[in-house]
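To start, the structure under review is shown below, and the notes come after it.
The values are calculated or read from the model by the stated rules, or taken from the named source; none is laboratory data. Since we're looking at a predicted model, the values are computed, not measured. Please note: Cβ atoms are built from the backbone with ideal geometry, for glycine as well, and neighbour counts cover all protein chains shown. Side chains are part of the model used for accessible areas, which takes the heavy atoms of the whole protein and leaves out ligands, DNA and RNA. Shrake-Rupley method; radii C 1.70, N 1.55, O 1.52, S 1.80 Å.
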Amino acid sequence: MSAFSDARTIPSGTVLDTDLAIIGGGPAGITLALSLAGKPIRVLMLESGGTSFDDKTQALYDGTQTGVPYTPLNATRQRYLGGGTNHWGGWCRPLDASDFEQRSWVPYSGWPFKKTALDPYYPRAQALVEAGPFDYEAKSQQWVDQYGAPLTLGAGGVYNSWFQFSKMRGSELPTNFGERYAADLKQISNLTALLHANVTNIALTPDAKSVDHLDVATLTGGKFTVKAKHIVLATGGMENVRLLLASNGVMKQGVGNGNDLVGRFFMDNPVPRNTAKLVVFAGPIAPYYPSNQRGDGAIFRAALAVTDDYKRAAHVMDSLTTVENRIELDDFGKAVVATTASALGIDGGDAAAYELGCGMELKPDPDRRLTLISARDALGMPRLNLHMTIGDEDFALYRQTIKELGRQLLAAQTGLIHLDRCSRESWLETMDWGNHHVGTTRMHNDPKQGVVDADLKVHGIGNLFVAGSSTFPTCGASNPTMNLVALALRLADHIKGLFP
Ligand SMILES: Cc1cc2nc3c(=O)[nH]c(=O)nc-3n(C[C@H](O)[C@H](O)[C@H](O)COP(=O)(O)OP(=O)(O)OC[C@H]3O[C@@H](n4cnc5c(N)ncnc54)[C@H](O)[C@@H]3O)c2cc1C
């Protein structure tokens, strides 16, 4: 086989044998394949799609929804090589140290390792997503020198922080892993990438202690089998669930689902728009707040982050507040600004106002979950339903953070905040989602509390691993992809150790 093959040409009944099968060719799967290049491991990557969008393949992602409105299940992901990076926004930022901690005020929180376990992998992850030098806080001074001072904030829980953006070489768009790394994948002599290959079943041995084989189907009716020493499931935070639950030939409740955890704890970052207005007394704010800027080889944008100390003290969730478009205040707003500035003894004549947006962290909720439904896709697999929830407390905790930001702005005589959204209905009116699929195969060392262990191995199954943000026990506020790429690099190191 050449490095890229078409599963539709494989005769039905064929049994393929390999050392490692990677199911899924999104950023997680591609990162693994790239990292294992040249190692004494025969790697087979099974990708459902081809190298471009196809309606029939994408329709395999159709599903239903209940609860709070969410992006349709076939629009919140892309089913071809590159996966979600075929339509991602490229926002990157490492998770905070406190995101990994067991937080007494966040039920089910706590990763089985600290952020320091991922730190060595971030620079390589940053290089793979092509987000420029791994600068974030460290080099921000250069951006400040180039574009002007950040907001002066009084002491408190909110601080100026940074996003960096993925940008594919030779393109203005974020790095699309399929397009960007196709040529590199084809060069890897120990890799076969099988396109149009849909894994439909993870068949366990009768004792349910390991995976015996994978059943694979094509949309042209082909059916064959893959036998692998080890398997990594990397089909995204929703499809990982579908495949585990639907593979119920030996474990009736689904593979790895002995404790009814697979599919529960779904999380995403709610992105409520126009949550509040920010007024800056001294006039327009530095351009890196409302829009992306370039400097020092990076594309970056400022955000207002929450300090780890404030999260611990005030028991708020993580959030990243962004400054959006500049707006004109109405007469009432102008009067409020004028009287506040005058009370502070400063000039508010040049004041500029902006809408604020945000990426919030949700509290883990076992009832926010993916389950199988009776409807089936073209390959006979049961489809998914997503039951989406968001608690009043999630909004209340974020409001507390915005109030803290307002307090710090007033304390520094920099500006003020007007909170626009005060009821749940009002928040939901402008609710958008990050399309980050987190938590559904959560990581925990205790099999009663997690689907995978700290090495991302499914509890109780000797040769099955899961990659991607479905393994994150909590989601933080930073976008997941660079973080899941870092975690995939860590998994690749573990896998290398399995083939001495
Ligand atoms: C509109 C949008 C904007 C986003 N913006 C950002 C952003 O700015 N920053 C950020 O960090 N993240 C962003 N994301 C999220 C990002 O796309 C995901 O975090 C990322 O793609 C997940 O990577 P993955 O490899 O785990 O899964 P996926 O990217 O979903 O890849 C899974 C792969 O598995 C394949 N597959 C599925 N089922 C099977 C099967 N049964 N057999 C074989 N193959 C299968 C799929 O075809 C796909 O290629 C965004 C997502 C969306 C939808």
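Brief remarks on what is shown
- Each label point was placed 7 Å from the Cα along the Cα-to-Cβ direction; for Asp207 and Thr14 their separation is 3.2 nm.
- The largest-to-smallest principal axis extents of the Cα set in region 406-449 are 51, 28, 18 Å.
- Summarised in one figure, the compactness ratio Rg/Rh of region 41-122, Cα atoms and Kirkwood Rh, is 1.08.
- √(5λ) per eigenvalue of the Cα gyration tensor, region 252-311, largest first, Å: 41, 17, 12
- Region 75-152: GluC sites (Glu not before Pro) falling in loop per DSSP and having at most 15 other Cβ within 10 Å: Glu137
- Cross-link reach is defined here as a Cα-Cα straight distance under 14 Å, omitting same-chain residues fewer than 8 places apart; for Lys496 the aspartates and glutamates meeting it are Asp19, Asp455.
- For the chain, the carbon plus sulfur part of the accessible surface works out to 51%, probe radius 1.4 Å.
- In the chain, a dipole from Cβ-located charges (positive for Lys and Arg, negative for Asp and Glu) runs towards its positive end, and of Gly50, Asn176, Met317 it is Gly50 whose Cα lies farthest in that direction.
- 5 angstrom amide H check on Met388, placed H, neighbours 5+ away: Thr66, Gly67, Val68
- Percent of alpha-carbon pairs separated by more than 19 Å within region 305-355: 51 percent
- Where the chain is the region considered: accessible area per residue in Å², 1.4 Å probe: 37 Å²
- Kirkwood hydrodynamic radius computed over region 428-475 comes to 11.5 Å, based on all pairs of distinct alpha carbons.
- Computed over all pairs of different Cα atoms, the Kirkwood value for the hydrodynamic radius of region 156-278 is 18.6 Å.
- For the chain, the share of DSSP beta bridges that are antiparallel, to the nearest 5, is 65%.
- Hull volume per residue, based on the alpha-carbon atoms of region 363-500 and their convex hull, is 187 Å³.
- Positive-end extreme of charge dipole, the chain - chosen from Thr205, Ser478, Val255 (charges on Cβ): Thr205
- The chain - percent relative contact order, Cα under 8 Å, separation 6 or more: 24 percent
- For region 1-149, the alpha-carbon coordinates run over 62, 46, 37 Å along the three principal axes, in decreasing order.
- Taking a ≥ b ≥ c as the square roots of the eigenvalues of the alpha-carbon gyration tensor, region 96-218 is classed oblate because a/c is 1.5 or more while a/b is no larger than b/c.
- Restricting region 26-94 to chymotrypsin sites (Phe, Trp or Tyr not before Pro) that sit in a DSSP loop and have at most 15 other Cβ atoms within 10 Å of their own Cβ leaves Phe53.
- Dipole of region 12-137, positive end: most advanced residue of Leu20, Asn74, Val129 [Cβ charges, Cα centre]: Leu20
- Relative to the dominant Cα principal axis of the chain, helix 331-344 is inclined by about 70°.
- Secondary-structure-derived ellipticity at 222 nm for the chain, considering helices only, amounts to -6500 deg cm²/dmol, per-run term -39500 (n - 2.57) for DSSP H runs with n ≥ 4.
- Convex hull projection area averaged over all views, the chain, Cα basis, nm²: 22.9 nm²
- Relative compactness, region 22-84, computed as alpha-carbon Rg over 2.2 N^0.38 Å: 1.37
- Loop GluC sites (Glu not before Pro), region 144-245 (other Cβ atoms within 10 Å of the site Cβ: 10 or fewer; DSSP): Glu172
- Between the beta carbons of Ile327 and Arg294, assuming R0 = 30 Å, the FRET efficiency works out to 0.75 to the nearest 0.05.
- Mean projected area in nm² (Cα convex hull; one quarter of hull surface) for region 179-247: 6.1 nm²
- Only lysines eight or more places from Lys56 in sequence, or on another chain, were considered; those with a Cα closer than 28 Å are Lys186, Lys223, Lys227.
- Dipole moment magnitude, nearest 20 debye, the chain about Cα centre, only Lys, Arg, Asp, Glu C-beta charged: 1160 debye
- Hits among lysines - C-alpha to C-alpha of Lys114 under 20 Å, sequence gap 8 or more where chains match: Lys311, Lys363, Lys457
- Kirkwood hydrodynamic radius (C-alpha pairs) into Stokes-Einstein, region 247-402, 4 °C and 1.567 mPa s, D in µm²/s: 66 µm²/s
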